[in-house]
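Before any comments, here is the structure.
The numbers here are math on the coordinates, done by the rules we state, and not lab data. All values derive from a computational prediction rather than experimental measurement. All Cβ positions, even for glycine, are placed from backbone atoms using ideal geometry, and neighbour counts span all protein chains on display.
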Amino acid sequence: MAGPASAAPVFVELAREDDAALRAELVRGLTAPAAHVAPKFLYGPLGSALFDAITRLAEYYPTRTEAAIFAAERDAIARACGRGRPLVDLGAADCAKAAALFDALQPSQYVAVDISVDYVRDALQRLQRCHPALPMLGVGMDFTAALELPPQVGPGPRTLFYPGSSIGNFMPEEALVLLRRVHAACAGGALLIGVDLVKPREVLEAAYADALGVTAAFDLNLLRNVNARLGADFDPRQWRHVAFFDARASRIEMHLEAREALTVRWPGGERRFAGGERIHTENSYKYRRGDFEAMLRDAGFGRTQGWTDARGWFAVFVAQAG
Ligand SMILES: C[S@@+](CC[C@H](N)C(=O)[O-])C[C@H]1O[C@@H](n2cnc3c(N)ncnc32)[C@H](O)[C@@H]1O
């Protein structure tokens, strides 16, 4: 007997990536006195697959610790979020974390938002086959530019889902701006967010410089993405991955360091790097629980509930926007 007819996910591409603007952003970062490239350039089909591999590493505790909290607290989390609402997944990637919560949250619609449109498209099409009755919407958007959800998102309060401590990739003042936008997008619903907490340096540094070199490959792949975007001639073999915890700023910093003096060229420009000079590629801020709760309040959220693992390494919060 045939199964129920499977609805196809709908896709909306709100922000077509503007190649000229992205190239200009890359040139600005590469020619700055302290060179930097935004972490969004880590992603793409290979970058997203490498990140997926990172989440399976022994050293990378955030994903499995967060998943354990979701599993242990699923009912309390579902009560706090409210069941039967649209579930909007920010930076959905393979959509796996949200899918694991469908049973508990019983969403009326699943909305996967990601800048890496092709990756999320494949994931959403696979997911739709497993949940044929759940309306699904893919939204290609850069939510650091704006977070106005399309009209295809169901009316009424929504649950915004921002797991994986991705909020830690923003400077605290930028994180606050994003959380204010998220608050508005909740339309009176709630935010379900995962946040990495301060912990011993050796645990943090191992998570961002693993023994197999998967995080190094993820970081170095950014150079290939820059080559593709900018027509630059980075050779990843001339660079090494460096990650360390800056306790004063409470953040992990990831950098690519030139192994020797070299010049990188692209159409219309070049940058000379001394041996040992670095390109800053990512920050990952680690919060104290009370500090993050204060930030949620500053962003406009009301009552907040939080859960951590037994070691206090990671926290999951539900913050009410209504
Ligand atoms: C580190 S992955 C997290 C995936 C998954 N949510 C998790 O927690 O494991 C970050 C995802 O966010 C997407 N992303 C990063 N910056 C973004 C932005 N500014 N706007 C939209 N998506 C973004 C990336 O393409 C990637 O798929």
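This ranking places 304, 63, 31 by how few other beta-carbon atoms lie within 10 Å of each, fewest first, which gives 31, 304, 63. Taking a ≥ b ≥ c as the square roots of the eigenvalues of the alpha carbon gyration tensor, the range 39-113 is oblate, as a/c is not under 1.5 and a/b does not beat b/c. Computed about its Cα centre, the charge dipole of the chain is approximately 460 debye, with only Lys, Arg, Asp and Glu carrying charge at their Cβ.
In the chain, helical runs assigned H by DSSP with n ≥ 4 each contribute -39500 (n - 2.57); averaged across all residues and rounded to the nearest 500, the mean residue ellipticity at 222 nm is -10500 deg cm²/dmol. Under a GNM of the chain (C-alpha, springs under 10 Å), which listed residue has the highest mean-square fluctuation: 212, 137, 197? Answer for the Gaussian network model of the chain: 212.
By the gyration tensor of its Cα atoms, with a ≥ b ≥ c the square roots of the eigenvalues, what is the shape of the chain: rounded for a/c under 1.5, prolate for a/b over b/c, or oblate? Here the chain falls in the prolate category. Computed across the range 197-322, the Kirkwood hydrodynamic radius from all distinct Cα-Cα pairs reaches 17.1 Å.
Considering only 66, 205, 25, the Gaussian network model of the chain with Cα springs below 10 Å gives its largest mean-square fluctuation to 25. In plain terms, the residue of 97, 199 with the fewest other Cβ atoms within 10 Å comes first and the most crowded comes last, giving 199, 97.
In a reduced charge model with +1 at each Lys and Arg Cβ and -1 at each Asp and Glu Cβ, the range 178-300 shows a dipole moment near 260 debye about its Cα centre. Charges were assigned to the Cβ only: +1 to each Lys and Arg, -1 to each Asp and Glu. The resulting dipole of the range 1-138 about its Cα centre is roughly 260 debye.
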